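This report concerns only the one structure given below.
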């Protein structure tokens, strides 16, 4: 049974000045990115300068978001860059088992 008014979840990627990519999920990308920039987000990003939001996509409910986040985190950086560049979509990743 679907829960009414369940928020839509989003997957996002943040690029650090070092070139590293951080992957996360949230119901409010703008709020969460602001938290990361102000040092109130993930420990990995605390104290880091030059954070840039480089990708976000709606991924449905929380369960779907967690599964998609896990799949993206397993991708090598080259495939994450391809996702950012639009070479494939989140739907293709979760629906068709895009190979790393």
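The values are calculated or read from the model by the stated rules, or taken from the named source; none is laboratory data. These figures come from a predicted structure and were not determined experimentally. Backbone-built Cβ (ideal geometry, glycine too); neighbour counts: all protein chains shown.
Descriptive notes on the structure:
- Single condition residue 34 does not satisfy, out of (1) surrounded by fewer than 17 Cβ atoms within 10 Å (Cβ to Cβ); (2) under 12 Å from the mean Cα position of the chain (by Cα): (2)
- Pick from region 1-19, criterion in contact with a strand residue (DSSP E or B) (Cβ under 9 Å, 6 or more places away or on another chain) and either surrounded by fewer than 18 Cβ atoms within 10 Å (Cβ to Cβ) or without any contact (Cβ under 8 Å) to a residue 24 or more places away in the chain (or both), ranking: nearest to residue 84 (Cα to Cα): 16
- Test result for residue 75, crowded, with 17+ Cβ neighbours inside 10 Å, touching a residue at least 40 places away in the same chain (Cβ under 8 Å) and at negative phi: no
- Residue satisfying all of: in region 82-97; over 11 Å from the mean Cα position of the chain (by Cα) and crowded, with 17+ Cβ neighbours inside 10 Å; modelled with the lowest pLDDT among these: 94
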